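All remarks here apply to the structure that follows.
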Amino acid sequence: MKKFSVLILVGLILAGVVVVLPQCYKRIPAGYAGIRENLYGSERGVDDVAEVSGMVWFNPLATRIHVFPKFIQNIVFTRDKREGSLNNEEVRVTTNDGLTVTFDVAVNYQINEEKVVNIFIKYRKPLDEISKTIVRNYVRNAYNRAANTYSAEEIYTKKTEFITKAENIFKKDLSKEGFVIDNVILLNELRLPDNIKIAIDRKIEAKQIAEQKKNELEQSKADAMKEVEKSKGD
């Protein structure tokens, strides 16, 4: 009976080891950075965080391991439910004449390896959550700051200039936070209110027609001058 009890105890211990042991280690794959966060002690919190790699053993009751990918991340902010989120995440900006312009943006970025710990200390969030909140906020802020210097018509007619200005703001701000921006892509055309877009298109068309007529007039004058010179020669 005593031997049977010992066997039961040993069995329970082994079962406990089988259950607990997998919770006590984590493998950090290649291309990822591991962050060891101590949850207790006199130096817990911000001052007690370290980067780790490979196979990491830890006490799950006192320590937490966070895994950050160091390779390029792609995140899409769009109103299309087939991409990114099921929610409408299009970028919305206001021009200096008070009109709203929307568009979809894709961002490719990665973490500066030297700033992994700093990013964790500051935000305390997984990278996918940082993408959806922090990075998105920087994107919207950059495009809004750029949009504030243009009217709706100027954004439409100077789209490349507007996009370049916004991207420069975005890249500069995020680089300070430890993110390396690979590229930023405008996925489609700028979306303006229909009546504004129609008015701008008509204005552009009118300018083109006027320019065409001016060129035709100049050509007619040149042709007339040729005829005059030819008559003089004759």
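The values are calculated or read from the model by the stated rules, or taken from the named source; none is laboratory data. The structure displayed is predicted, hence computed values, not measured ones. Don't worry about glycine lacking a Cβ; one is built from the backbone with ideal geometry, like all the others, and counts go over all protein chains shown. Please note that ligands, DNA and RNA were not included when accessible areas were found on the heavy atoms of the full protein model with its side chains. Shrake-Rupley method; radii C 1.70, N 1.55, O 1.52, S 1.80 Å.
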Interchain or sequence-distant (5+) residues whose placed amide H lies within less than 5 Å of the amide H of LEU187 are ASP104, VAL105, ALA106
Using the Kirkwood formula on alpha carbons, the hydrodynamic radius of segment 98-189 in angstrom works out to 14.0 Å
Counting sequence-distant residues (5 or more places) and residues on other chains, those with an amide H built under 5 Å from that of GLN73 are TYR109, GLN110
Counting only protein heavy atoms and rolling a 1.4 Å probe, one gets per residue an accessible area for segment 85-149 in Å² of 46 Å²
Placing each pseudo-label 7 Å from Cα in the direction of the beta carbon, GLN110 and ASN88 end up separated by a distance in nanometres of 3.6 nm
Rg/Rh of segment 114-167 (Cα atoms, Kirkwood Rh), to two decimals, equals 1.18
Calc'd 3J(HN,Hα), segment 87-101, phi into Karplus 6.51 cos²θ - 1.76 cosθ + 1.60 (θ = phi - 60°), Hz, glycine/Pro = x, comes to 8, 6, 10, 4, 7, 10, 10, 10, 7, 6, 9, x, 9, 9, 10
The ³J(HN,Hα) series, computed from each phi in segment 139-155 with the Karplus coefficients 6.51, -1.76 and 1.60 at θ = phi - 60°, rounded to the nearest Hz and given as x for glycine or proline, is 4, 4, 5, 5, 5, 5, 4, 5, 5, 5, 9, 10, 7, 4, 5, 5, 4
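Show me the ranking of peptides 158-168, 100-110 by mean Cβ neighbours inside 10 Å, starting with the highest. Each step should come with its number before you reach the end.
On the way: 158-168: 16.5, 100-110: 18.8.
The most tightly packed comes first, giving 100-110, 158-168.
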Length gained if ASN137 through ASN195 is fully extended, taking 0.36 nm per residue and subtracting the Cα-Cα distance, is 18.0 nm
